[in-house]
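The values are calculated or read from the model by the stated rules, or taken from the named source; none is laboratory data. All figures in this text were calculated on a predicted structure; none of them were measured in a lab. Backbone-built Cβ (ideal geometry, glycine too); neighbour counts: all protein chains shown. These accessible areas exclude ligands, DNA and RNA; they are computed on the full protein's heavy atoms, side chains included. Shrake-Rupley method; radii C 1.70, N 1.55, O 1.52, S 1.80 Å.
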Amino acid sequence: MRGRVRAVVPRPGGAPEWQLPSTDVTYLDHAATTPMRPEAVAAFTAVLTDAGNASSLHAGGRRARRIVEESRESLAEVLGARPSDLIFTAGGTESDNLAIKGLYWSRRAADPRRRRILVSAVEHPAVLDTASWLARRQGAVLETLPVDETGLVAPEVLRAAVESDPASVALVSVMWANSEVGTIQPVAELARVAHARDIPFHTDAVQAFGQIETSFAASEADALTISAHKIGGPVGVGALLVRRGVEVEPLAHGGGQERDVRSGTLNTPGVAAFAAAAAAVTAELPAERVRLASLRDDLVRRVLAEVPGATLNGAAPGAGRLPGNAHLTFPGCEGDSLLMLLDAHGVECSTGSACSAGVARPSHVLLAMGAGEAHARGSLRFSLGHGSSAADVDALVAVIGPVVARASRAGELAGLSAG
Amino acid sequence: MSRMRVLAAMSGGVDSAVAAARAVDAGHDVTGVHLALSRSPASDRVGARGCCTLEDARDARRAADVLGIPFYVWDLAERFETEVIDEFVADYSAGRTPNPCVRCNERIKFAAVLEKALALGFDAVVTGHHARLDEDGTLRRSVDPAKDQSYVLGTLRPEQLAAARFPLGDSTKAQVREEAARRGLAVADKPDSHDICFVASGDTGAWLRERLGPRPGPVVDAETGETLGEHDGAYAFTVGQRRGLGLGRPAPDGRPRYVLEISPATSTVTVGPSSALDMRSLVAERMVWPHDGPVSCTAQVRAHGGVVPAVVTARGDELDVRLAEPVRGTAAGQAVVFYDGDRVLGGGRIRSLAA
Ligand SMILES: Cc1ncc(COP(=O)(O)O)c(C=O)c1O
């Protein structure tokens, strides 16, 4: 359990107001964002009040630059990368945009035949929407790679897509671990398929980083996305790792920071906190991975016992699945009813995705895995992370039975039927 | 009232925000819900406002934040499309003039939403309608006659009203706005919605033309039978309409002409003098009428119209309504609601009118 403090932004002229945390919140949404780790908070606040632009030449600038470079080295080390591979960005979304657009533009500039973008059907919108924008506006041809019923992209599927016309492929992007169902892709194998034709391979490792071992070298990828707030760092900080020799056109032009690929004054406190969080998560990972997997297995087993018709989506628990991910379908229920009722009991989790107005949509990931719309709508993601405990699982298990019973009564009205 | 679990339908406007606030003050456990009624909520509207835009969802969410209540968006776009929009189009194409707000109350707010709320364990649904609902289930007009909305609620069945709460009925609109400002609700001075929320342009005729296509036909003089002109779709007209008839020349006697009748089967629009608009009786269907024998009361036949004395007699599943004074400007498809003073006695949908 985790008590949270909700800050209420002070009104102009008013005194700051703080609302006390609701005392027993069961936070099962670590894949959305996870609380900042104390190490990250310490690094962040230590740097926050120290003036100094990492591009400035005076002492303050040098201090900032040193913090950035030491953070870069430390992150590179935990990621099995070279420091110069790292380009700091403002988060996972920007990194994905930079990778997809940047690779597409540079590859196409070198050879105009390269128009095809191959991405898995289960990518995060930061990849999917970027690629479809390129298709709509920039002459790209978007091809989504189908997945099996666990969400996996088979290397043969990628090979067939590449080999149908290798010279026309601009890039391939397949995420390392799925954000909804936690399925882990065989990234190195997929990268090799692309490399057989000298095609660059990008992977979105936002969900994988911190939950499983993620070595840039071992991934064999040419570009890799990470985001700080998913590992206990601050929101709004991320990085794109780009292998030496791989050309990426910039999105943002200006002062020429970050190898001229990403201009903009460096976010020194954010970068420092990112590195601190990465160091902490990496040190804990071997033990935490086992701990979370066993908590998750417990959660799944006990929820299935409470709700006999429920099913686990995605890969079987084990090496093919993120340890903290449980994604379940409750037939006959609407996910947003379940979420609301659980929220009322202080249990926080997530449905697939919501549009900008807040309307729950059936998950494109589940649909790509072959699920029907009703099945997709009736699903919830529970994701564990640092701070998750057996008490969180107990709290969920205590309420899930009655919650599902209620939601399925509402589901009957909506014409959904169990089974 | 004892503490209840209450669902507050929050449109993003000032009324529903204050209604939710009052439910919180009354000590209830309140959850806010915004109904997403449009399939493409990205379509922000310019100038006008209704219940279907991203901005409204945002405003509703901010009001819920200020009240400190949980807030969700319920997707009712599919239900709204089949039960309200499709029906609206079908009504026009059958020559009726529908009231989609009445329909939305009957089928969405006090049906789909209410049923879902009850199934999920809520005891009541709170809305920002300006109407009063007594403990015994009697619906009455708001104290603010200019804002009274009992007319668009008048065809709800007793079981629909049983779980409804209208906390604003005892307040005027001005009081509601003032209260919203006092509570720090940013929607305090948001303009009222008037038009049909799903017709983004506000131009119902053009909207219908897009869906129904051109259906040209004659404009015929009721007295002479002469064809005075052509139109490209009878659905663009409403009974009682005077402007925009597109008739090049005035009537021989120089008096203005009005739409008297629309016959979709032949796409004919019949026009004539204003005196021919006077209707003295009507038949209503789909009624809510828990009374026996002829009842003397008053009748309201338009959303923002006055009332006229009437005698209502139930005949099978229809109501026969004699009006003591002629009414104008209503048409088949509109609601008729009956009152005893400010008490709603029942209502129905106008099937036909007669002089
Ligand atoms: C797989 C994946 N990619 C990208 C992102 C976006 O990252 P950020 O929130 O840092 O922009 C997320 C987070 O939602 C994610 O899960």
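Going by the conditions given, is residue A:388 touching a Ser or Thr at 6+ places or on another chain (Cβ under 8 Å) and buried (at least 24 other Cβ atoms within 10 Å of the Cβ)? Spell out the reasoning first.
Details: touching a Ser or Thr at 6+ places or on another chain (Cβ under 8 Å): no; buried (at least 24 other Cβ atoms within 10 Å of the Cβ): yes.
Criteria not met by residue A:388.
Can you tell me which of A:415, A:387 is within 14 Å of another protein chain (Cβ to nearest Cβ) and not in a helix (DSSP H, G or I)? I'd like the intermediate steps shown before the answer.
Numbers: A:387 fails: within 14 Å of another protein chain (Cβ to nearest Cβ).
Answer to the selection: A:415.
Please give the strands (runs of 3 or more DSSP E) falling wholly within region B:101-184 in which 3 or more residues are open to solvent by 60 Å² or more (accessible area, probe 1.4 Å). Working first, answer last.
Details: elements: B:124-126, B:131-133, B:139-141.
Where strands (runs of 3 or more DSSP E) fall fully within region B:101-184, none carries at least 3 residues being open to solvent by 60 Å² or more (accessible area, probe 1.4 Å).
Read through the list (1) touching a helix residue (DSSP H, G or I) at 6+ places or on another chain (Cβ under 8 Å); (2) charged (D, E, K, R); (3) open to solvent by 70 Å² or more (accessible area, probe 1.4 Å), then give the number of the only condition that residue B:210 fails.
Residue B:210 satisfies every listed condition except (1).
If you check residue A:374 against the conditions, is it in the same structural domain as residue A:306 (by TED's automatic domain parsing) and farther than 23 Å from residue A:151 by Cβ?
Details: in the same structural domain as residue A:306 (by TED's automatic domain parsing): yes; farther than 23 Å from residue A:151 by Cβ: no.
Against the criterion (in the same structural domain as residue A:306 (by TED's automatic domain parsing) and farther than 23 Å from residue A:151 by Cβ), residue A:374 does not qualify.
Identify the residue in region A:319-339 that is open to solvent by less than 10 Å² (accessible area, probe 1.4 Å), within 14 Å of chain B (Cβ to nearest Cβ) and not in a loop (DSSP other than H, G, I, E, B) and, among all such residues, is farthest from residue A:289 (Cα to Cα).
The selected residue is A:337.
Is it true that some residue in region A:241-253 is more than 23 Å from the chain's Cα centre (by Cα) and over 19 Å from residue A:106 (Cα atoms)?
no
Collect the residues in region A:22-61 that are small (Gly, Ala, Ser) and either in a loop (DSSP other than H, G, I, E, B) or within 16 Å of the ligand (Cβ to nearest atom) (or both), keeping them in residue-number order. Reasoning before the result, please.
To start, the set of residues in region A:22-61 that are small (Gly, Ala, Ser) comprises A:22, A:31-32, A:40, A:42-43, A:46, A:51-52, A:54-56, A:59-61.
Once the filter is applied, which keeps residues that are small (Gly, Ala, Ser) and either in a loop (DSSP other than H, G, I, E, B) or within 16 Å of the ligand (Cβ to nearest atom) (or both), region A:22-61 yields A:22, A:31, A:32, A:40, A:51, A:52, A:54, A:55, A:56.
Mind checking whether some residue in region A:247-255 is without any contact (Cβ under 8 Å) to a residue 40 or more places away in the chain and in contact with a helix residue (DSSP H, G or I) (Cβ under 8 Å, 6 or more places away or on another chain)?
Within region A:247-255, the subset without any contact (Cβ under 8 Å) to a residue 40 or more places away in the chain is A:252-254.
Okay, now just the ones that are also in contact with a helix residue (DSSP H, G or I) (Cβ under 8 Å, 6 or more places away or on another chain), so none.
Within region A:247-255, not a single residue is without any contact (Cβ under 8 Å) to a residue 40 or more places away in the chain and in contact with a helix residue (DSSP H, G or I) (Cβ under 8 Å, 6 or more places away or on another chain).
Against the conditions (1) more than 30 Å from residue B:70 (Cβ to Cβ); (2) within 14 Å of chain B (Cβ to nearest Cβ); (3) among the polar types (S, T, N, Q), where does residue A:267 fall short? Just the number, please.
(2)
Looking only at region B:302-324, count how many residues are in contact (Cβ under 8 Å) with a residue 24 or more places away in the chain and open to solvent by 10 Å² or more (accessible area, probe 1.4 Å).
Just the residues of region B:302-324 that are in contact (Cβ under 8 Å) with a residue 24 or more places away in the chain, to begin with: B:302-303, B:305, B:307, B:310, B:312, B:314, B:317-323.
When the remaining residues are screened for being open to solvent by 10 Å² or more (accessible area, probe 1.4 Å), the result is B:302-303, B:305, B:307, B:314, B:317-318, B:320, B:322-323.
Number satisfying all stated conditions: 10.
Checking residue A:206 against (1) more than 12 Å from the ligand (Cβ to nearest atom); (2) surrounded by 24 or more Cβ atoms within 10 Å (Cβ to Cβ); (3) closer than 21 Å to residue A:365 by Cβ, which test does it fail?
(1)
Given the options B:154, B:121, B:137, name the one that is more than 18 Å from the chain's Cα centre (by Cα) and under 19 Å from residue B:339 (Cα atoms).
Details: B:154 fails: more than 18 Å from the chain's Cα centre (by Cα); B:121 fails: under 19 Å from residue B:339 (Cα atoms).
Sole residue among the options that is more than 18 Å from the chain's Cα centre (by Cα) and under 19 Å from residue B:339 (Cα atoms): B:137.
Filter region A:223-262 down to the residues that are assigned to a strand (DSSP E or B) and open to solvent by less than 40 Å² (accessible area, probe 1.4 Å) and list them by number.
First, the residues of region A:223-262 that are assigned to a strand (DSSP E or B): A:223-227, A:238-242, A:252, A:262.
Once the filter is applied, which keeps residues that are assigned to a strand (DSSP E or B) and open to solvent by less than 40 Å² (accessible area, probe 1.4 Å), region A:223-262 yields A:223, A:224, A:225, A:226, A:227, A:238, A:239, A:240, A:241, A:242, A:252.
Yes or no: residue A:158 farther than 21 Å from residue A:325 by Cα, within 16 Å of the chain's Cα centre (by Cα) and not in a loop (DSSP other than H, G, I, E, B)?
no
Working carefully through the options A:359, A:347, A:399, A:365, find the one that is within 14 Å of another protein chain (Cβ to nearest Cβ) and surrounded by 24 or more Cβ atoms within 10 Å (Cβ to Cβ). It would help to see each step written out before you state the result.
On the way: A:359 fails: surrounded by 24 or more Cβ atoms within 10 Å (Cβ to Cβ); A:399 fails: surrounded by 24 or more Cβ atoms within 10 Å (Cβ to Cβ); A:365 fails: within 14 Å of another protein chain (Cβ to nearest Cβ).
None of the other options fit; the residue is A:347.
May I ask you to verify whether residue A:167 is away from chain B (no Cβ under 14 Å) and more than 16 Å from the ligand (Cβ to nearest atom)? Give the steps one after another, and end with the answer.
Details: away from chain B (no Cβ under 14 Å): yes; more than 16 Å from the ligand (Cβ to nearest atom): yes.
So residue A:167 fits the description; yes.
Condition first: away from the ligand (no atom under 12 Å from the Cβ), of a type in the set (Ser, Thr, Tyr) and open to solvent by 10 Å² or more (accessible area, probe 1.4 Å). Can you find one or more residues in region A:177-194 that meet it?
no
Matching residues to (1) more than 19 Å from the chain's Cα centre (by Cα); (2) open to solvent by 40 Å² or more (accessible area, probe 1.4 Å):
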residue: B:221; (1), (2): yes, no
residue: B:227; (1), (2): yes, yes
residue: B:257; (1), (2): yes, no
residue: B:260; (1), (2): yes, no
residue: B:268; (1), (2): yes, no
residue: B:300; (1), (2): no, no
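Being more than 16 Å from the ligand (Cβ to nearest atom), surrounded by fewer than 23 Cβ atoms within 10 Å (Cβ to Cβ) and over 29 Å from residue A:168 (Cβ atoms) narrows it down to one of A:213, A:220, so name that one.
Numbers: A:220 fails: over 29 Å from residue A:168 (Cβ atoms).
Unique residue meeting the criteria: A:213.
Name every residue in region A:62-100 that is open to solvent by 20 Å² or more (accessible area, probe 1.4 Å), of a type outside the set (A, V, I, L, M), within 17 Å of residue A:205 (Cα to Cα) and assigned to a helix (DSSP H, G or I), in order of residue number.
A:77, A:93, A:94, A:97
Quick check, is residue A:29 at pLDDT 95 or above and within 30 Å of residue A:167 (Cα to Cα)? So that I can check it myself, show each step before the final result.
On the way: at pLDDT 95 or above: yes; within 30 Å of residue A:167 (Cα to Cα): no.
The answer is no for residue A:29.
Can you pull out the residues in region A:88-114 that are more than 9 Å from the ligand (Cβ to nearest atom) and either closer than 14 Å to residue A:251 by Cβ or not assigned by TED's automatic domain parsing to the domain that holds residue A:68 (or both)? Lay out the reasoning, then the answer.
Taking region A:88-114 first, the residues more than 9 Å from the ligand (Cβ to nearest atom) are A:88, A:97-114.
Within region A:88-114, A:88, A:97, A:98, A:99, A:100, A:101, A:102, A:103, A:104, A:105, A:106 qualify.
Every residue in region A:210-244 that is charged (D, E, K, R) and touching a Pro at 6+ places or on another chain (Cβ under 9 Å), please. Talk me through it step by step, then tell me what you get.
If we filter region A:210-244 for residues that are charged (D, E, K, R), which is where we start, we get A:213, A:220, A:222, A:230, A:243-244.
Within region A:210-244, A:213, A:222, A:243 qualify.
Can residue A:142 be described as at negative phi and crowded, with 24+ Cβ neighbours inside 10 Å?
Details: at negative phi: yes; crowded, with 24+ Cβ neighbours inside 10 Å: no.
Considered against the rule, which asks whether it is at negative phi and crowded, with 24+ Cβ neighbours inside 10 Å, residue A:142 comes out as no.
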